[in-house]
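Following: one structure in structure tokens, then a few remarks.
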Amino acid sequence: MKFTASPFLLIAGLTFSLTAFGQVSDTTSISEQIKTERDNQLKDLNEKLKKNEEEVNRLTEKLADADNRNSTDKEKINDLEKLQIALDSRLKFLEEGPKTKINLNGQLALTELLSIQRDIQPLDLFVSSQTFYTQLGNIGKIQNYNTFTSWKKDYDAWYNKQGKDDQMMEVINSSLNLISAVGSGVPLYGTMVATASSGITALVTAIGKREKELSEKTPGMLKLLNVTSQFENQKAIIDNEWAQINKELEQLQKENATLLEDQMNYYGISMTDYRKKYLNATLDIDRETFKNDCRKAISEKITLQESSQNTKGKWLGQVETYMYKVQSLRLRFGQLTARMLVNMDQYESLITVYSDSTRFPAEFTTQINGLNNSLKTLKNKFYASYNPAKYIEDSAVMYIERQ
């Protein structure tokens, strides 16, 4: 398992409070604060719209009934002016809604992107995975088993005396040396293992009782070789899936880093500050403080753009693009972590199957059972770092649509 180094506004006319950028809460994350603030602002806006609608309806009805009430022209003109003011206010409120949503959703997008970048590289999980996968890799190293090394010593002695002149034995010996050599890189399954296994079986039959100790050791060695080979063959299928996950994870990390830098540049946030105050921070409160600082930068950027007639409202499209890119990355990350968990479950099932000492050599099952603790530690660290289901579910509903 490989984890690479890493990891998602007050504008004219909007009712955004500067108190939102106050002291960071120790218990509520910046993302949750943004969601709460967004909901409160939209609730306040809806209440204003409701009162405005009631005022528009009241004035409309009053004007429609003006003749029946014998209203003067001055009263009619006054009511018309009030109606125009109310309609202008309604238009303003309707324009504020989408801007408020996109504004705060944009803040949420950047804070979530920061979280993803840090989640991609949890050190504890990296250390735990290294321990487990190192132990897992040792299972297929046949030279680590005493049953094999003891047999190989007797076999080498026999081969050096009698086997060198036999061409077929040279093929068998070559295959045997390749699969047992340290650092050869030859997997313990496939044609070479089959050649060695069948050849050794034929050898033992041929030499009979002439090499008693070698003959007696051979069945146990072959049993060990065959079960280890079968285990490696099944493990390779799971390993291949993990290789694909790791490849996609590395690609996601690159996309995440690129998008993060793009947004930092757009909002005028220092990448140096990001690395120092967020990526390398040791305390959660420091990371949350940096996220809060990012919110301020976003507010300042949008306030500046909204105050200019040349850029007024143009930020909406760019921020919305960032929003959905972050949502896509977050969803993909959730899916990848879900696949990681399935992958670990597959290893656990494989270990369970091959841990039965009544069916397989004790020396082999001892190594297999030795994987249980490191796998358990790895899964515990994984659960402490990730919640795939929550990533996926939250990604689907992280934004409120503009309309």
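FYI, it's all coordinate maths here, none of it is from the lab. Predicted model only: the values in this text are computed from it and were never measured. When we count neighbours, we look across all protein chains shown, and the Cβ atoms used for this are built from the backbone with ideal geometry, even at glycine.
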Counting Lys and Arg as +1 and Asp and Glu as -1, each charge on the Cβ, what is the dipole of region 145-231 about the Cα centre in debye, to the nearest 20? 180
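With only Lys, Arg, Asp and Glu charged, each at its Cβ (+1 for the first two, -1 for the last two), find how big the charge dipole of the chain is about the Cα centre; round to the nearest 20 debye. Display every interim value, and only then the final one.
Numbers: 51 positive and 53 negative charges, 159 e Å.
In total the dipole reaches around 760 debye.
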Distance (nanometres) between label positions extended 7 Å along Cα→Cβ at LYS314 and ASN372: 6.6
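Report the relative contact order of region 145-231, percent, no decimals, based on alpha-carbon pairs under 8 angstrom and at least 6 residues apart. All intermediate terms of the calculation are to be shown ahead of the outcome.
Values: 52 pairs, mean separation 32.4, N = 87.
For region 145-231, the relative contact order is 37 percent.
State the extension gain, in nm to one decimal, for the chain segment bounded by GLU61 and LYS296, taking 0.36 nm per residue of separation less the distance between their alpha-carbons. Please list the in-between numbers first.
Values: separation 235, 0.36 × 235 = 84.60 nm, distance 4.49 nm.
Length gained between GLU61 and LYS296: 80.1 nm.
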The ³J(HN,Hα) series, computed from each phi in region 367-382 with the Karplus coefficients 6.51, -1.76 and 1.60 at θ = phi - 60°, rounded to the nearest Hz and given as x for glycine or proline, is 5, 4, 5, x, 7, 4, 5, 5, 5, 4, 4, 4, 5, 5, 5, 5
Value of Rg to Rh for the chain (Rh from inverse mean 1/r over Cα pairs, i.e. Kirkwood): 1.29
FRET efficiency estimate (nearest 0.05) - Cβ-Cβ, GLN234 to ASP284, R0 41 angstrom: 0.50
Among the listed pairs LYS276/LYS301; LYS247/LYS291; LYS35/LYS291, which have their C-alpha atoms separated by more than 19 angstrom in this model? LYS276/LYS301; LYS247/LYS291
Starting from the Cα of GLN251, step 7 Å along the direction of its Cβ; do the same at ALA384; then give the gap between the two resulting points in nm. 3.2
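Test of understanding: ordering LYS74, LYS48, LYS276 by Cβ neighbours within 10 Å, fewest first, what list do you get?
Working: LYS74 8, LYS48 16, LYS276 12.
Ordered by Cβ neighbours within 10 Å, fewest first: LYS74, LYS276, LYS48.
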